[in-house]
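Here the structure comes first, spelled out in structure tokens, and everything after it is commentary.
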Amino acid sequence: MNQLKIQDLQTQLNRLIDKGDDYSKIYELSVKLDMLIVQYYNEKLKLKKGDCHLTY
């Protein structure tokens with residue numbers, strides 16, 4: 001599920017960049033995408049308590 005959300009946000013971000021949209025919108029979407037990617041890898045790696053967690 002997160003993989004699809006990541007792909008969707010990547011597409012949205014690329015569209016904003018391509019059309020030269022406002023930098024604050026691009027930055028906001030980029031931060032959301034970064035946070036979702038971190039969440040995806042934390043879930044994928046199934047990190048256990050006490051292990052190093054990826055953070056943003």
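The values are calculated or read from the model by the stated rules, or taken from the named source; none is laboratory data. All values derive from a computational prediction rather than experimental measurement. Positions of Cβ are backbone-derived with ideal geometry, glycine not excepted, and every protein chain shown enters the neighbour counts.
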Looking at Leu36, Leu4, which is the one that is part of a helix (DSSP H, G or I) and surrounded by 13 or more Cβ atoms within 10 Å (Cβ to Cβ)?
Leu36
Give me the pairs: first residue in region 6-19 and under 18 Å from Tyr41 (Cβ atoms), second residue assigned to a helix (DSSP H, G or I) and charged (D, E, K, R), beta-carbon distance under 7 Å, and six or more apart or on different chains, which are they?
Leu9/Lys32
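Let's see how each residue does on (1) modelled with pLDDT of 95 or more; (2) surrounded by 10 or more Cβ atoms within 10 Å (Cβ to Cβ); (3) under 9 Å from the mean Cα position of the chain (by Cα):
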| position | (1), (2), (3) |
| --- | --- |
| Leu16 | yes, yes, no |
| Ile26 | yes, yes, no |
| Tyr40 | no, yes, yes |
| Lys48 | no, no, no |
